[in-house]
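One structure is given here, and the rest of the page talks about it.
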2 protein chains.
Amino acid sequence: MEKEVKNLLLDLSQLISQKSRIWISPYGVEKILRAIKTTSDQWMIIRISEEPINVVNKTLEILLERKIVKVKNEKIYFTKRGREILKDINLEKIVKPECRKCEGRGINFKFDSKLYSTFLEIQKKRPKPLKKYDQGNVTPQTTIARVLLAMSHGDIENKEILILGAEDDLLGLALALTKKPKKILVLDIDKRLIDFDNYWAEKLKLNLKAEVFDLRRKLPKDLIGKFDVFFTDPSETVQSIKGFILKGIATLKSPGCVGYFGFTFKDSSLKKWYILQKILNNSKVVITEILREFNFYENWPYLEETKSFKESAAEKLPDKTIWYTSNWYRLVTLPGFKRINIDLLKYKGKKFYNDIENSTS
Amino acid sequence: MEKEVKNLLLDLSQLISQKSRIWISPYGVEKILRAIKTTSDQWMIIRISEEPINVVNKTLEILLERKIVKVKNEKIYFTKRGREILKDINLEKIVKPECRKCEGRGINFKFDSKLYSTFLEIQKKRPKPLKKYDQGNVTPQTTIARVLLAMSHGDIENKEILILGAEDDLLGLALALTKKPKKILVLDIDKRLIDFDNYWAEKLKLNLKAEVFDLRRKLPKDLIGKFDVFFTDPSETVQSIKGFILKGIATLKSPGCVGYFGFTFKDSSLKKWYILQKILNNSKVVITEILREFNFYENWPYLEETKSFKESAAEKLPDKTIWYTSNWYRLVTLPGFKRINIDLLKYKGKKFYNDIENSTS
């Protein structure tokens with residue numbers, strides 16, 4: 001019997017890989033099945049699976065066809081037939097032992113209560129996320145946790161810091177509120193965010209400058225090699241890795257400088273993670289941290305228009321629970337690190353925000 | 001003035017790199033100086049610096065010679081001259097915003113209270129750490145957090161698990177106490193630990209088998225490709241990476257399998273981390289997590305005999321506060337991953353437990 005179950009998982013993994021054109025192992029399939037046992041909400045199944053949304057949606061489609069799962073009142077359940085077929089796997093629920101006090105990050109986001117409460121007030125007035133810029137902001141608790149993590153590394157005080165896009169998270173503004181950095185420059189394509197940052201910078205006399213910039217373009221030469229630390233949160237295509245992360249590295253002054261960025265399993269498979277790590281290793285930077293589910297994203301208004309929704313099994317919008325999370329990388333440059341500053345607008349036809357693994361842009 | 005400070009940090013970084021023969025950047029030097037401002041305890045300076053112990057000790061030696069720091073009552077302080085020289089850096093203390101409830105891991109180690117209390121009792125009777133095996137165990141909270149993290153990934157239930165050494169942490173035993181794995185095999189060179197594990201396995205009817213094995217040797221063929229998950233916590237030489245981590249990977253069944261191991265900044269520089277990551281990338285595995293300060297080590301009885309103590313500035317043994325921490329890696333195998341199972345005893349003269357960056361073995 002055990003062999004049959006193994007074969008079932010193997011068959012499913014091959015079929016899903018073929019249909020979604022994204023690799024998944026039998027272990028990945030088992031985890032999706034366990035996620036279905038853990039929750040009936042399609043968005044939480046995605047979160048718990050830690051597999052790309054497109055893969056999970058394709059899996060659910062196949063399981064529905066085979067009548068292994070069913071949809072009832074916009075919820076997903078195993079059918080009787082499904083439970084019968086799967087009974088030999090001895091599927092267990094996935095436990096969630098994260099610390100509730102710190103939302104599982106290990107960082108007390110209320111550590112600096114004044115910073116936290118000030119930021120909480122200011123961010124309420126932030127511009128709403130736009131689909132055209134692939135926006136979707138992290139929670140204010142996430143933004144503050146990013147600031148505190150960097151402080152605990154000594155990466156903020158007296159440092160010259162560059163933010164490459166994703167200022168819908170207001171990270172540049174939050175860093176400036178600490179009054180610790182020597183200088184912060186925010187580059188973002190969205191004029192609304194630039195105006196928002198500059199308004200608060202002037203009002204509160206912060207060491208922050210924000211400028212409209214399209215990061216697909218080459219960075220101006222006077223930014224190369226000028227910063228101690230960068231932060232970014234790119235769309236997850238190989239083009240975006242080059243456009244945001246490698247450009248960030250190019251702006252760093254010398255060996256020993258630092259970069260932070262987010263990366264998900266929602267829009268990226270293990271294979272894309274591997275490519276990312278190869279690119280970083282080839283650039284002569286070392287990864288010092290990959291923190292799981294560090295970034296919590298608020299639900300964004302245009303989800304209904306994205307592939308992740310349109311191809312979903314239950315076609316139900318998420319409730320207020322956080323389902324889209326991402327992991328947070330920290331890297332340090334080594335002697336001989338490479339500065340790559342390319343113009344992505346030259347690569348016509350290549351997708352910047354989208355690839356086959358991406359479903360939320 | 002700022003330029004002078006920059007030059008001072010640059011000069012110091014070059015001198016320290018030369019004398020310790022381990023690379024450190026001016027940012028690393030700045031962080032050591034900030035650590036001295038944060039605490040006067042030499043062991044906590046090491047923890048906060050996140051630089052190799054040998055580098056921190058060499059730095060303190062140089063700063064003592066230059067009368068920038070002084071030792072008083074076994075504590076380390078800046079001298080008046082030191083404060084004068086450094087006043088333009090505007091050195092700030094390093095903040096510690098970790099969540100106190102979960103010790104900064106983001107995992108509630110009391111999540112399964114029965115598991116926690118049972119393990120807490122059993123581990124009190126564990127054999128004491130021995131220098132000859134480079135032992136030094138993690139706290140019971142750490143061991144349980146490792147178990148819970150793996151459970152939250154679905155890496156325990158019904159899995160065949162291999163523990164490669166470091167069973168002084170009693171991780172194999174703790175995993176077995178959950179009664180979730182299909183099978184656990186523990187290999188360790190220390191017969192006392194093997195007997196301890198087998199005693200409890202028999203007494204509590206656990207799915208655990210422990211065998212004496214010297215991991216410098218090639219693994220027996222019948223272990224290659226037979227496990228779903230491995231755990232290890234190697235000494236930190238390139239030889240040990242091959243002896244423990246690559247051998248662990250060799251025992252995994254297929255793509256999608258998982259490995260966990262610890263790695264520090266205490267006995268390894270950023271450059272050794274880079275080499276580790278290159279080796280992993282070349283083996284076609286992807287790193288999914290690097291969790292900072294996940295592992296807390298209890299102080300071990302032979303510290304006094306190690307280089308880390310003998311070359312320390314204050315020559316004071318640590319109090320009960322945790323100072324030796326390490327980071328916790330999780331990796332996943334990809335299609336085409338490499339199984340490397342070499343005999344390290346053939347490499348005579350190569351050091352297994354020790355290299356130039358290692359000071360606690």
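The values are calculated or read from the model by the stated rules, or taken from the named source; none is laboratory data. Here the structure is a predicted model, which means the values were calculated and not measured. Cβ: placed from backbone, ideal geometry, glycine included. Neighbour counts: every protein chain shown. The protein model used for the area step is the full one, side chains on, heavy atoms only, and it has no ligands, DNA or RNA in it. Shrake-Rupley method; radii C 1.70, N 1.55, O 1.52, S 1.80 Å.
Might you report the magnitude of the Cβ-based charge dipole of region A:2-89 about its Cα centre, with Lys and Arg at +1 and Asp and Glu at -1, to the nearest 20 debye? Walk me through the intermediate numbers first.
On the way: 18 positive and 12 negative charges, 53 e Å.
Roughly 260 debye, rounded to the nearest 20.
In whole percent, how big is the carbon plus sulfur part of the accessible area of region B:114-333, probe 1.4 Å, protein atoms only? Don't skip to the end; give the middle numbers.
Values: 3720 of 7040 Å².
Roughly 53 percent, rounded to a whole number.
Can you list, shortest first in nanometers, how far B:N73 lies from the same residue in the other copies, with each label 7 Å from Cα toward Cβ?
Going from nearest to farthest copy, the values are 6.7 nm.
Which order do you get for A:K320, A:K271, B:K253, A:K159 if you rank them by accessible area with a 1.4 Å probe, largest at the top? If you can, show how the numbers build up before the last one.
Details: A:K320 195, A:K271 85, B:K253 55, A:K159 10 Å².
Heavy-atom accessible area, descending, gives A:K320, A:K271, B:K253, A:K159.
Say the cut-off is 32 Å between C-alpha atoms; which of A:K31/A:K114; A:K96/A:K132; B:K93/B:K132; A:K6/B:K209 go over it?
A:K31/A:K114; A:K96/A:K132; B:K93/B:K132
What does the charge count near A:K218 come to, summing +1 for each Lys or Arg and -1 for each Asp or Glu among other residues with Cβ under 11 Å from its Cβ?
On the way: positive: A:R216, A:R217, A:K221, A:K247, A:K346; negative: A:D214, A:D343.
Local charge sum for A:K218: +3.
For the protein assembly as shown, with the dipole built from +1 on Lys and Arg beta-carbon atoms and -1 on Asp and Glu ones, taken about the Cα centre, which of A:I356, B:S235, A:F78 lies farthest toward the positive end?
Value computed over the given set: A:I356.
Here are some pairs, B:K125/B:K205; A:K125/A:K271; A:K87/A:K320; which of them have Cα atoms lying more than 30 Å apart in this structure? If you can, show how the numbers build up before the last one.
Numbers: B:K125/B:K205 19 Å; A:K125/A:K271 39 Å; A:K87/A:K320 33 Å.
Too far apart for the 30 Å limit: A:K125/A:K271; A:K87/A:K320.
Quick one: give the max-minus-min coordinate of the C-alpha atoms of region A:114-333 along each principal axis, largest first, in Å.
Principal-axis extents of region A:114-333 (Cα, largest first): 50, 43, 32 Å.
Considering only DSSP states other than H, G, I, E and B, which trypsin sites (Lys or Arg not before Pro) in region B:1-85 qualify as loop sites with at most 14 other Cβ atoms within 10 Å? Present the calculation step by step, with values, prior to reporting the outcome.
On the way: sites: B:K3, B:K6, B:K19, B:R21, B:K31, B:R34, B:K37, B:R47, B:K58, B:R66, B:K67, B:K70, B:K72, B:K75, B:K80, B:R81, B:R83; in loops: B:R21, B:R66, B:K67.
Hits after loop and neighbour filter: B:R21, B:R66, B:K67.
Could you give the accessible area per residue of region A:114-333, probe 1.4 Å, as a whole number in Å²? Intermediate results must be reported in sequence, preceding the final value.
On the way: 7050 Å² over 220 residues.
For region A:114-333, the solvent-accessible area averages 32 Å² per residue.
For region A:2-89, would you read off the P(r) tail past 20 Å as a percentage of all alpha carbon pairs?
Roughly 25 percent, once rounded to a whole number.
Give the nm distances, rounded to one decimal, from B:K101 to the matching residue in every other copy, measuring between label points 7 Å along Cα toward the beta carbon; shortest first.
0.6
Percent of accessible area on region A:2-89 owned by carbon and sulfur, 1.4 Å probe? Don't jump to the answer; show the numbers that get you there.
Working: 1920 of 4000 Å².
Accessible surface attributable to carbon and sulfur in region A:2-89 totals 48 percent.
For region A:253-291 and region A:63-105, what is the separation of their Cα centres, given in Å?
Between the Cα centre of region A:253-291 and that of region A:63-105, the gap is 31 Å.
Take B:I156, B:I275 and sort them by solvent-accessible surface of the protein heavy atoms, 1.4 Å probe, largest at the top. The partial results should precede the final answer.
Numbers: B:I156 0, B:I275 75 Å².
Highest to lowest solvent-accessible surface, that is B:I275, B:I156.
Treat each spin label as a single point 7 Å out from the Cα along the C-beta direction, and report the B:K80 to B:K131 distance in nm.
4.2
Could you list, in their original order, any pairs among A:K58/B:K338; A:K70/B:K183; B:K179/B:K203; A:K226/B:K58; B:K110/B:K191; B:K131/B:K221 whose Cα atoms are separated by more than 24 Å? All intermediate terms of the calculation are to be shown ahead of the outcome.
Values: A:K58/B:K338 30 Å; A:K70/B:K183 34 Å; B:K179/B:K203 14 Å; A:K226/B:K58 30 Å; B:K110/B:K191 30 Å; B:K131/B:K221 30 Å.
Result: A:K58/B:K338; A:K70/B:K183; A:K226/B:K58; B:K110/B:K191; B:K131/B:K221 exceed 24 Å.
Checking an interface number: how much accessible area is buried between A and B, summed over both chains, with a 1.4 Å probe, in Å² rounded to 100? Walk me through the intermediate numbers first.
Details: alone 16910 and 16860 Å², together 28380 Å².
Rounded to the nearest hundred, the buried surface is 5400 Å².
Let me know the shape class of the protein assembly as shown, please: from the alpha-carbon gyration tensor, a ≥ b ≥ c as square roots of the eigenvalues, rounded when a/c is under 1.5, otherwise prolate if a/b is greater than b/c, or oblate. List each step's numbers first, then the result.
On the way: a/c = 1.74, a/b = 1.06, b/c = 1.64.
Oblate, since a/c reaches 1.5 and b/c is not below a/b.
Can you compute the FRET efficiency between B:K284 and B:K179 using 1/(1 + (r/R0)^6), with r the Cβ-Cβ distance and R0 = 22 Å? Round to the nearest 0.05. Walk me through the numbers before you get to the answer.
Values: r = 33 Å, r/R0 = 1.52.
FRET efficiency, B:K284 to B:K179: 0.10.
Let me know the volume per residue of the alpha-carbon convex hull for region A:239-361, in Å³.
Working: hull volume 15.2 nm³, N = 123.
Cα-based convex hull of region A:239-361, divided per residue, equals 124 Å³.
To one decimal in nm, how far is B:S117 from the same spot in the other copies, if labels go 7 Å from Cα toward Cβ? Please give the shortest first.
3.9
Give me the accessible area per residue for region A:2-89, probe 1.4 Å, as a whole number in Å². Can you show the working numbers first?
On the way: 4000 Å² over 88 residues.
Roughly 45 Å² per residue, with all protein chains present.
May I ask you to find the residues of region B:94-120 that are shielded by at least 50 Å² of accessible area once the whole protein assembly is considered instead of their isolated chain (probe 1.4 Å)?
By number: B:V95, B:P97, B:C99, B:G106, B:F111.
Can you give the accessible area of A:T178 in Å² (nearest 10), computed on protein heavy atoms with a 1.4 Å probe?
Approximately 20 Å² for this residue.
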